[in-house]
Amino acid sequence: MEIIISGRRMTVTEDVRQMVIDRLEREVERLSDQVQRAEVEFSAGEGKNAPVTTVEITLRSKGPVVRAAGAADDKRVAFEAAVDKLRTQLRRAADRRKTRRGLRAQNLASLPINDAPMSIPPAKDEAKPDTHMVAGVEVTGDGPLVVREKNFTSPKLTLGQALDELELVGHDFFLYVDAATGLPSVVYHRKAYDYGVIHLTVTD
């Protein structure tokens, strides 16, 4: 297994690097025996109330990507928090496969989705603020501010595969292209172990 350790706005010392390598080599065998590469990024917090250190661990294999993050004032504590979240996400994904083995797309399609149009208050009659470009988006005044832009490649997925990805990346939602319909789709967490799904039909 290849282990890649990097620091963002901070330096990762050799003793911390060795701790990460030793820990992952022990843990990953228990978490997943098919991991080909582990990426660990240490990031310094931004802003007064931000944690000193955030650690994001990404496990890559032939299957779904597993990702978890932890934050703390100490690098080692932040790393351990991320490892704990990895365990939780993998356990939830395993539980979902056991308890939802008979899940079908039509069951999720019946879940209520709030599709009411969003009301937007009228703009105030004020002097026109300056506009500028941020990550390819024209921003007026102070916002909205795009702080991070990411591009991913992904094959088309079945609903079951998308649910597995949702649990393994540890997010509240997961964007994918549905293999059956070819539509851009989003699965998301509802209460407890319930899920919702939104399919987007593109029109001219």
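Output the peptides 38-44, 21-27 sorted from most to least packed, where packing is the average of other Cβ atoms within 10 Å over each peptide's residues.
In descending order of packing, they fall as 38-44, 21-27.
What residues qualify as long-range amide H neighbours of Y195, i.e. H under 5 Å apart, gap of 5 or more or another chain, H built at 1.01 Å from N?
Amide H neighbours of Y195: R190.
Sort 58-69, 172-183 by the packing proxy (mean of other Cβ within 10 Å over each peptide's residues), most packed first.
58-69, 172-183
Could you list which residues have their amide H under 5 Å from that of I3, counting only those 5 or more apart in sequence or on another chain, with H placed in the peptide plane?
Excluding prolines and chain starts, which carry no amide H, the hits are A38.
Which of K75/K191; K62/K156; K75/K156 have a Cα-Cα distance over 26 Å?
Exceeds cut-off: K75/K191; K75/K156.
Every number in this text was worked out from the coordinates using simple rules, so none of it is lab data. What you are looking at is a predicted structure, and each value in this text was computed from that prediction instead of being measured. Quick reminder, even Gly has a Cβ in these numbers, built from the backbone with ideal geometry, and neighbours come from all protein chains shown.
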